[in-house]
Structures are given as C-alpha cells and as structure tokens.
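Coordinate-derived values only; no laboratory data. Worth saying up front: this structure is predicted, and the values here are computed from it rather than measured. No Cβ is skipped: glycine too gets one built from the backbone with ideal geometry, and neighbour counts run over all protein chains shown.
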C-alpha cells in the first residue's frame with residue numbers, strides 16, 4: 001500500500017509540475033502575441049526592445065512545450081518581422097528568413113493540417129525568391145486546408161497574384177477559386193481590389209464582382225488609384 005501511495009503521490013506531483021510548465025508557456029506565448037498583433041495593426045515594429053522581449057518569451061514557451069505547433073509558428077512570424085526591418089541584400093535578412101522557414105517547417109511537422117502555417121511558409125519562400133515546387137506545394141496545401149479562412153485567403157490572394165505567371169494552370173485555377181471565395185466572404189474587399197490593380201489581375205477579378213456593393217467598391221478603389 002505504501003508503494004502504491006508513493007507512486008500515486010509521485011504521479012500527482014509530476015502532473016502538477018507539467019501543468020505549471022504548460023501554464024508558464026501559455027502566459028509567455030500569450031503576452032508575446034499581444035505585441036505581434038499591435039505590430040500588424042501599425043505595420044512595423046515600433047520598439048525593438050518589445051521584439052527582443054517577445055522573442056525571449058516565445059523561446060521560453062517553445063522550450064517548455066516543444067511539441068506545441070503554435071509556438072513554432074509564432075517564432076516563425078517573429079523572425080519574419082525581423083526580416084521585414086532589414087536590408088533585403090544583407091546576410092541578416094537571409095538569416096532571419098532561414099530561421100522563419102525552420103520554425104514554420106517545425107510547426108507543419110507538429111500540425112500538418114494547419115493551412116495558416118502552410119500559407120506563411122509559402123509566403124516566406126516566395127519572399128526569398130523561391131517559387132519552386134516546395135513553394136507551390138505549400139501554396140496548394142494552404143488553399144486545400146483553409147479554403148474559407150479570411151486570413152489565409154488574403155495571403156493566398158496576394159501571393160497568387162504576385163506569382164501568377166510562374167504558377168502552373170491547375171494552381172492558377174485554385175488561386176482564382178480562392179479569390180472568388182474571398183470575394184463572396186467579403187472580408188478583405190478593398191485590399192483584394194488593390195492587389196488585383198497592383199499586379200495586373202483585374203481582368204480576372206472584375207467578373208467575380210457581381211453585387212452592387214462589390215461593383216461600387218471596385219469603382220471607388222479604381223478612382224482612388226487614378227487620382228494618385
């Protein structure tokens with residue numbers, strides 16, 4: 001009985017320790033995400049001390065919970081934020097993109113059904129100048145796994161339009177279908193129109209704009225572009 005009691009106490013203690021570690025990891029990850037959301041709204045990292053603190057906290061969360069796909073993905077995005085602030089011709093830029101790719105691959109290995117991370121992985125490869133088979137596979141997976149997720153639709157739209165001429169016909173069709181779903185969902189209406197105008201994709205987008213509000217938005221954006 002004493003042996004059983006000791007074993008039960010040991011198991012309970014182990015579970016308590018694990019719970020504490022996961023709790024610390026969760027708090028560290030959540031606090032870092034507050035800053036990354038603010039950077040997304042502002043379009044840049046205003047204070048690099050925040051970035052360094054966010055990295056330390058996410059790195060701690062990743063160490064405490066190494067199988068958690070969220071922490072790997074968050075670290076990948078954090079390295080992308082670092083890359084966006086650097087000279088594209090510098091070695092530091094390539095190093096940041098390398099780390100982002102490593103973390104995204106790790107996240108995909110933990111949760112291969114996560115379309116969000118496939119989209120970020122495709123974007124990171126494309127921004128490194130890689131529009132190879134691996135990039136196309138990642139873009140395809142993001143469309144297949146998250147067909148109605150607005151954030152993924154938005155990312156696939158810009159990557160697909162930017163890389164349109166380099167995509168095979170079947171992937172062009174998938175990108176086009178993704179953009180049409182985005183038009184139906186109507187979350188990123190104005191941004192999709194601006195992207196199409198910027199990348200010369202309007203001839204594909206205009207037939208998708210059918211409702212009065214969509215046509216009005218299209219006319220408004222085109223007028224704004226003409227005034228510049």
Helix 169-185 vs. the chain, principal-axis angle (Cα, 0 to 90°, nearest 10): 90 degrees
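Express the relative contact order of the chain as a whole percentage, based on alpha carbon pairs under 8 Å and six or more residues apart in sequence.
On the way: 233 pairs, mean separation 24.7, N = 228.
It rounds to 11 percent for the chain.
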Estimated inter-spin distance, residue 226 and residue 50, nm [label 7 Å along Cα→Cβ]: 3.9 nm
FRET efficiency, residue 37 to residue 203 (Cβ-Cβ, R0 35 Å, nearest 0.05): 0.50
Principal-axis tilt of helix 133-145 within the chain, Cα atoms, nearest 10 degrees: 80 degrees
√(5λ) per eigenvalue of the Cα gyration tensor, segment 113-228, largest first, Å: 24, 15, 12
Exposure proxy ranking, count of Cβ atoms within 10 Å, fewest first, for 190, 104, 93: 190, 93, 104
Tilt relative to the chain, helix 48-64 - C-alpha long axis, 0 to 90 degrees, to 10: 50 degrees
Alpha carbon centroid spacing (whole Å) that separates segment 33-62 from segment 207-228: 35 Å
